[in-house]
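A short write-up of the structure that comes next.
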């Protein structure tokens, strides 16, 4: 555990905020600075998976955003469609969580995640992957999900927030394709905007 943390800190120590912000173009960064949220689909080699990448700039220090994002038990207070999070284990490097989602039309989904997180002065990452939750039927859960939050310090006490999610929702009933959208692309703008409001207490552009 110590060696992996040291590798993480060394990696980010070699990168400046400008280098890390290169995950978006200068034009995109200017758009984000104006309060917009950008979402794009990332091509995936596995047909059943959908992968999306979203960015936003939040007018708050990196450490403040990181603190909000690792306060998992508070997610139902601001994260879209999250009904409950049960924290099964937690320490300074990670956690195991039981997610309970409440989707429209009474649809419920549950799944278990292993979270890993680290923070340095100029960057932080919170990543997750699905782990088994025995006895759940296929209709109660999703087949797979993984992803991350990446935070990069910007000048002026602002932070570039990058959110990636890769999901295979599993078997979806006919006519319920909206579930796939809510679990992937459709929810990303709401997730980032809800996080911004939670951190700043204000809306788009800090207004």
Closer than 25 Å to residue 139 by Cβ and at pLDDT below 95, is that true of residue 49? yes
For the range 47-79, what are the residues that are within 26 Å of residue 121 (Cβ to Cβ), touching a strand residue (DSSP E or B) at 6+ places or on another chain (Cβ under 9 Å) and assigned to a loop (DSSP other than H, G, I, E, B)? 59, 60, 61, 70
Taking the range 83-99, which residues are loosely packed, with under 14 Cβ neighbours inside 10 Å and either within 15 Å of the chain's Cα centre (by Cα) or in a strand (DSSP E or B) (or both)? 84, 86, 87, 88, 89
Does any residue of the range 57-76 turn out to be at pLDDT below 90 and out of contact with any helix residue (DSSP H, G or I) (no Cβ under 6 Å at 6 or more places or on another chain)? no
Working only within the range 100-117, note down all residues that are touching a helix residue (DSSP H, G or I) at 6+ places or on another chain (Cβ under 9 Å), loosely packed, with under 15 Cβ neighbours inside 10 Å and part of a strand (DSSP E or B). 108
Filtering the range 129-156 down to residues that are under 14 Å from residue 66 (Cα atoms) and in contact with a helix residue (DSSP H, G or I) (Cβ under 9 Å, 6 or more places away or on another chain) yields 149, 150, 151, 152, 153
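The values are calculated or read from the model by the stated rules, or taken from the named source; none is laboratory data. Note that the coordinates shown come from a computational prediction; the quantities given were computed from them, not determined experimentally. Reconstructed Cβ throughout: ideal geometry from the backbone, glycine too, with neighbour counts over all protein chains shown.
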